[in-house]
1. Within segment 351-387, take every residue that is buried (at least 18 other Cβ atoms within 10 Å of the Cβ) and among the basic types (K, R) and give me the one that is modelled with the lowest pLDDT.
2. Counting only residues that are within 24 Å of the chain's Cα centre (by Cα) and polar (S, T, N, Q), how many does segment 183-227 have?
3. Criterion first (surrounded by fewer than 24 Cβ atoms within 10 Å (Cβ to Cβ), within 24 Å of P461 (Cβ to Cβ) and without any contact (Cβ under 8 Å) to a residue 12 or more places away in the chain) does P77 satisfy it?
4. Please enumerate the residues belonging to segment 487-526 that are under 27 Å from T467 (Cβ atoms), surrounded by 14 or more Cβ atoms within 10 Å (Cβ to Cβ) and out of contact with any strand residue (DSSP E or B) (no Cβ under 7 Å at 6 or more places or on another chain).
5. If a residue has to be hydrophobic (A, V, I, L, M, F, W, C), touching a His at 6+ places or on another chain (Cβ under 9 Å) and exposed (fewer than 15 other Cβ atoms within 10 Å of the Cβ) to count, how many in segment 254-295 make the cut?
6. What helices (runs of 4 or more DSSP H) lie completely within segment 340-411 and have 2 or more residues being touching a helix residue (DSSP H, G or I) at 6+ places or on another chain (Cβ under 6 Å) and free of Cβ contacts under 8 Å to residues at least 60 places away in the same chain?
7. Counting only residues that are buried (at least 16 other Cβ atoms within 10 Å of the Cβ) and small (G, A, S), how many does segment 457-479 have?
Amino acid sequence: MSRTNFLFGLIIILAIMLRFFYLGRIPNGFYSDEASYGYNAYSILKTGKDEYGAFFPLAFKSFGEYKAPLYIYLMVPFVWIFGLSEFSVRVVSALLGVLLIALVYLLVRRITHRSGLALATSFIISVSPLALQFNRMGHENNLSIVLIAAGIMFFIYSLRFPNYILLSLAVFALSFYNHNDVRVLTPLLLGALFLLYRRNLLTIKKQLFLGLILFIVLLIPLFGLINSEAFWNRPKYVSFFSDKGIVLEINKERGEDNKIKFFNPYIFHNKVLALPEKFLENYFSHFNFDFMFLKGDQVQIYNTIGNGLVYLFELPFILLGLYFLLKEKNAYKWIIIILLIISPIPGALTRYVPSASRTITILLPLSIVSAYGLLSSIRKLNGFRVKKVYLILISIIFSFNMVYYLHYYYFNTPLRYAKEWHYGMREVVNQVEKIQNNYSNIWFSKNTWGYIYPLFYLQYPPDKYQTQAKLSPLNEFGFGWVDGFDKYIFADFPYKMESFQNTLFIGSPTDFKKLKKPLYSVYYPNGDIAYYFADSTSF
């Protein structure tokens, strides 16, 4: 075995350890989207239909936001093998994280012909906070970045082996079935690749033509959704184009102009100017220092306390990498630079910025650039002893930075963000299963996060639920609510709870006003009470 293969094997082992260690318990909650992915995969496995009875859908209605299908279908065999569980949902993301490292290694080695850079990049991704944050939770962006990396890799391979262009375009086509954000990123990336390698592509016209035909054929089913709610629903609710705040700000500024009797308030205060300005503001927010290196995403489930998306240790090497990369004459640098530039665009089109989940593809160029800067800095040093001291110093600083991140990930974050991760719902439903035969109705307050948890943890028969599934009209954020199924109710508690006989109430402490003696309590890891169980005897 060569030294390169041995080191790559160690990186893969490290990646597996970091992604699979305590995977079913950390993160220590189980977010509702994860439960939805899992139950819909379970429903497909058992009935060939989603939770609403749609036969092999191209968009899963879920909470009303219509999840893209590919990630859920990929989850089906794992639910079949491991059963419906938190592990079977998260193992898909963990495996995709390991696969990404292998793909990036092959890609970087192919475009640069430098095994050292390929190893360094793979190592950085294997321990990256951004990668680990999502690889250890059920999230479709894990598949998105794998498809993007695979599509680029097969494209580069096609420059030498023309038939790979078919595989590349097939993978890029499949990416449209995975996440709304990729539907923005993939066309931009393909356009850039075609422009950069237009001369090379002219030499493989036959394979390119067949590849484009395959690309279009694979997208035909998606074309049927273009005029449907399933296609536009999520973009409609998250896009900044629907942000009422922009209109309010425009009207406010027009009012100010009217007060000073400016001759035409509409010249500078209109959507034509405001929307591009908002886009640029959103775009550059993804390069904010706090977001990138110190604090990360404001959405707690996408965040580890005290850490950004990238190790602070990497900052000087990213800057050095950009400098040396732009300075040197090589053909591949523009792939890296373009991917770095376009990765924040999907997130920039939304109201919720900066967004780690919508910008995960930035992991690829940042890791390559960081590795490039690290190796370039080593090459610039003279003398074996100087390089040795430099490497030891770097190793110590990096090890501290990594251990610091892992400490906050495994110890502090699970305590502080337990509620945001919907911690306790496993224990709640397990307890319900034990005592539910004693009651005619099981009433969950809205603070117990809804219907998906009883479906998931009770493994409620999908064919039985499909006949009862009914989603309310969507709220301002694009989500609906299920009021109940079977004996389970999901609504705000009634005023006189003590008058409801044979009813079990489950809610947070704030849901109970006159509770004297709860039947059972579920606690957060920090010791605070998460949920109470009560019935008419508890008041």
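1. Let us first name the residues in segment 351-387 that are buried (at least 18 other Cβ atoms within 10 Å of the Cβ), namely 351, 353-376.
Going one step further and asking which of them are among the basic types (K, R), we end up with 351, 358.
Values: R351: 92, R358: 96.
Result: R351.
2. So the count comes out to 1.
3. Details: surrounded by fewer than 24 Cβ atoms within 10 Å (Cβ to Cβ): yes; within 24 Å of P461 (Cβ to Cβ): yes; without any contact (Cβ under 8 Å) to a residue 12 or more places away in the chain: yes.
When the stated conditions are applied, P77 passes them.
4. Within segment 487-526, just F500 meets the criteria.
5. Keep residues of segment 254-295 that are hydrophobic (A, V, I, L, M, F, W, C), which gives 260, 262-263, 267-268, 272-275, 279-280, 284, 287, 289, 291-294.
Okay, now just the ones that are also touching a His at 6+ places or on another chain (Cβ under 9 Å), so 292.
Checking the rest, the ones that are also exposed (fewer than 15 other Cβ atoms within 10 Å of the Cβ) come to none.
Qualifying residue count for the region: 0.
6. Numbers: elements: 345-348, 363-379, 384-407.
It comes to 363-379.
7. Number of matching residues: 2.
Residue-by-condition table, conditions (1) farther than 30 Å from G38 by Cβ; (2) surrounded by 22 or more Cβ atoms within 10 Å (Cβ to Cβ):
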{"site": "Q133", "(1), (2)": "no, yes"}
{"site": "R136", "(1), (2)": "no, yes"}
{"site": "H139", "(1), (2)": "no, yes"}
{"site": "N142", "(1), (2)": "no, yes"}
{"site": "S158", "(1), (2)": "yes, yes"}
{"site": "A170", "(1), (2)": "no, no"}
{"site": "F176", "(1), (2)": "no, no"}
{"site": "V182", "(1), (2)": "no, yes"}
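The values are calculated or read from the model by the stated rules, or taken from the named source; none is laboratory data. Predicted model, so just to flag it, every value in this text is computed and none were measured. Positions of Cβ are backbone-derived with ideal geometry, glycine not excepted, and every protein chain shown enters the neighbour counts.
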